[in-house]
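Okay, so here's the structure we're looking at.
The values are calculated or read from the model by the stated rules, or taken from the named source; none is laboratory data. In this text, all values refer to a predicted model and were calculated from it rather than measured experimentally. Cβ placement follows ideal geometry from the backbone for every residue including glycine, while neighbour counts extend to all protein chains displayed. Ligands, DNA and RNA are excluded from the accessible area calculation, which covers all protein heavy atoms including side chains. Shrake-Rupley method; radii C 1.70, N 1.55, O 1.52, S 1.80 Å.
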Amino acid sequence: MENKKNASEDHQWLYSPSLESTSHIEIKDKYELFINNEWIAPTSNKYFDTINPADEKVLSKIAWANAQDVDKAVKAARKAYDEVWSKISAGDRSKYIFRLARMMQEKARELAVIETLDAGKPIRESRDIDVPLACNHFFYYAGWADKLDYAFPNQKTESLGVVGQIIPWNFPLMMAAWKIAPALAAGNTVVLKPAETTSLTALKLAEIIKEAGIPPGVINIITGHGDTGEALVKHPDINKIAFTGSTQVGKAIQKALVGTGKRSTLELGGKSANIIFDDAPIDQAVEGIVNGIFFNQGHVCCAGSRLYVQENIAEKLVEKLKHRMKSLILGNPLDKNTDIGAINSREQLQTIEKYIQIGIQEGSEIFQCEGALPANGFYCKPTIFTNVSQSSVLSQEEIFGPVLTIQTFRTIDEVIQKANNSPYGLAAGVWTDKGSKIFNLTSKLKAGVVWANTYNKFDPASPFGGYKESGFGREGGMHGLGAYLKIIK
Ligand code: NAP
Ligand code: MG
């Protein structure tokens, strides 16, 4: 088997291109800040480039908000909260959110193509996952806006006020939707800061917000770097900070919030275990592993980046996995055939490459497919490491790239202990034929989400969030709604 060549190996990454059209999209040369439903130049007059990580070409210039701009946005959100959003009926709030969801759906193709251009993710994912899930989030929470009494029966609920929201670059539009939709449904107004490398779909969303006639100031979108986020966290008139990003920045935010009385939810990093028992349907498990770690180039907080395979099937499974990896198509994210797109930024590529070197130095065995990477842009081959020790850097630290560590186990107790031996606790996967094993593990794994015989599945009705250094608070479902409300028992 090892030496036999298969057809996909011969044609590795060589398919006729099937590029998604970019003729229907509009990206402006320059974007200002979106405050009060108006486009406002940044006080400093500073802008930064956003590039397409697939070819390193500049897509647009983005305004860089400073503390004064943050103040303008927060004031706009406060005024909109006091005078409009907290005064209108819940039914009207619901209608506005529905309208936003419908208009996003109408522009789904444009949003998907822009997401792919700006973030480097395969068009198949932005078209079939990111954008539909973002729309569904708005639909889902639009439904709750006028039913808060049913969501929290026999309790009184109150909105919080102005919410500052800071999001990362791995699911830019989807993260914006996860943040904005429940906040609005609960009756708050928002100031959102997208990640600096992926602001475009949030700015397209701003155009839709204006077109949808959402009252001015209800949703403000301010772009910038980490200092913009910091200024938002420190603004005295914010009632809650909702942050998704790295554990390192999450800890800094938590420190900054101590004693301020501001609420917070932090959705942070992960190093999730994907566990394969010997009674698992092995081919489906291989698909689940591929989806778990190579989906979105491994830029997934809950990526199944630590694989634990029962020892007696390990050899067979690793062989099947390598075989499957050889058929993955890496290349232009706009190509509808592409499975693995571009790494989001040069900086992130360097981080991933650093970890790959650490893995080699630690003595683990590396496997990558052969084949050249595109000449321009930031790309990383799907990579697996075997012979990995439990204490290795590679199996302990979040890499946030398409790099999988593989370890074996013999017993359930052993794998529970190994899976939980991590500072993180965001997600886990369990693959087995036995329901009893699944229930046993779901109660013992310290992870916010446990998928059984599947991986990386999301739904607006299902809460998502972590344990330990993966943060606290939940997004999605009624839990996600409650995180934007004062619930008075
Ligand atoms: P990051 O560096 O922490 O950045 C996240 C956001 O925070 C960005 O908008 C960033 O702005 C901003 N920021 C940076 N420094 C800040 C500061 N001192 N104060 C306030 N805001 C600041 O994370 P990332 O590299 O973009 O995203 C990757 C991380 O996000 C991974 O660790 C991943 O696991 C995590 N993540 C978690 C979840 C979850 O639900 N648990 C989901 C997705 C991603 P700039 O872009 O300008 O730096
Ligand atoms: Mg970009």
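All conditions but one from (1) crowded, with 16+ Cβ neighbours inside 10 Å; (2) more than 28 Å from Val190 (Cα to Cα) apply to Gln390; the one that does not is (1). The set of residues in region 237-274 that are in contact with a Lys or Arg (Cβ under 9 Å, 6 or more places away or on another chain) and over 19 Å from Gly466 (Cα atoms) comprises Asp237, Ile238, Asn239, Ala256, Leu257, Thr260, Lys262. Take the residues in region 129-183 that are closer than 25 Å to Asn291 by Cα and polar (S, T, N, Q); name whichever of them is least open to solvent (accessible area, probe 1.4 Å). Across region 129-183, the extreme among qualifying residues is Asn170. Of the residues that make up region 269-278, is at least one open to solvent by 10 Å² or more (accessible area, probe 1.4 Å), assigned by TED's automatic domain parsing to the domain that holds Phe400 and farther than 17 Å from Ala176 by Cβ? Scanning region 269-278 turns up at least one residue that is open to solvent by 10 Å² or more (accessible area, probe 1.4 Å), assigned by TED's automatic domain parsing to the domain that holds Phe400 and farther than 17 Å from Ala176 by Cβ.
Taken residue by residue, region 311-332 has no member that is within 16 Å of ligand 2 (Cβ to nearest atom) and open to solvent by less than 10 Å² (accessible area, probe 1.4 Å). Restricting attention to region 29-51, the residues being surrounded by 23 or more Cβ atoms within 10 Å (Cβ to Cβ) and over 21 Å from Ile219 (Cα atoms) number 1.
A count restricted to region 281-310 and to residues that are open to solvent by 20 Å² or more (accessible area, probe 1.4 Å), within 22 Å of Lys457 (Cβ to Cβ) and either in contact with a Lys or Arg (Cβ under 8 Å, 6 or more places away or on another chain) or among the small types (Gly, Ala, Ser) (or both) stands at 3. With respect to (1) within 11 Å of ligand 1 (Cβ to nearest atom); (2) in contact with a helix residue (DSSP H, G or I) (Cβ under 7 Å, 6 or more places away or on another chain); (3) farther than 19 Å from Leu445 by Cβ; (4) open to solvent by 10 Å² or more (accessible area, probe 1.4 Å), the lone exception for Gln248 is condition (2). Checking each residue in region 196-236 for being assigned to a loop (DSSP other than H, G, I, E, B), open to solvent by less than 10 Å² (accessible area, probe 1.4 Å) and over 16 Å from Gln68 (Cβ atoms) picks out Thr198, Ser199, Ala212, Ile214, Gly217, Val218. Within region 415-426, the residues that satisfy the criterion of being in a helix (DSSP H, G or I) and open to solvent by less than 40 Å² (accessible area, probe 1.4 Å) are Val415, Ile416, Lys418, Ala419, Asn420. Filter region 105-128 down to the residues that are of a type in the set (Lys, Arg), open to solvent by 10 Å² or more (accessible area, probe 1.4 Å) and either in a helix (DSSP H, G or I) or within 16 Å of ligand 2 (Cβ to nearest atom) (or both) and list them by number. Selection gives Arg109, Arg124, Arg127. Taking the criterion of being touching a Leu at 6+ places or on another chain (Cβ under 9 Å), outside any helix (DSSP H, G or I) and over 20 Å from Lys75 (Cβ atoms), the residues of region 237-262 that qualify are Phe243, Thr244, Gly245, Ser246. The set of residues in region 145-170 that are in a loop (DSSP other than H, G, I, E, B) and more than 19 Å from Ile241 (Cβ to Cβ) comprises Asp146, Lys147, Phe152, Pro153, Asn154, Gln155, Asn170. Note on region 57-66: among residues that are near ligand 2 (Cβ under 10 Å from one of its atoms) and touching a residue at least 60 places away in the same chain (Cβ under 8 Å), the one that is surrounded by the most Cβ atoms within 10 Å (Cβ to Cβ) is Ile62.
Residues considered: Gly401, Gly429. Of these, the only one that is closer than 17 Å to Asn456 by Cβ and part of a loop (DSSP other than H, G, I, E, B) is Gly401. Among the residues in region 36-48, are any away from ligand 2 (no atom under 16 Å from the Cβ), in the same structural domain as Ala119 (by TED's automatic domain parsing) and of a type in the set (Ser, Thr, Tyr)? Yes.
With the structure loaded, tell me whether Ala119 is in contact with a Pro (Cβ under 7 Å, 6 or more places away or on another chain) and not aromatic (Phe, Trp, Tyr) or whether it fails that test. Yes: the conditions hold for Ala119.
All conditions but one from (1) touching a residue at least 12 places away in the same chain (Cβ under 8 Å); (2) farther than 20 Å from Ser246 by Cα apply to Gln417; the one that does not is (1). Against the test of being within 24 Å of Gln348 (Cα to Cα), of a type in the set (Val, Ile, Thr) and away from ligand 1 (no atom under 13 Å from the Cβ), the options Ile208, Ile123 yield a single qualifying residue, Ile123.
Considering only residues that are away from ligand 1 (no atom under 16 Å from the Cβ) and within 30 Å of Ser126 (Cα to Cα), look in region 443-465 and name the one that is surrounded by the fewest Cβ atoms within 10 Å (Cβ to Cβ). In this case the residue turns out to be Ala461.
The set of residues from region 339-369 being among the acidic types (Asp, Glu) and free of Cβ contacts under 8 Å to residues at least 40 places away in the same chain comprises Glu347, Glu353, Glu362, Glu365.
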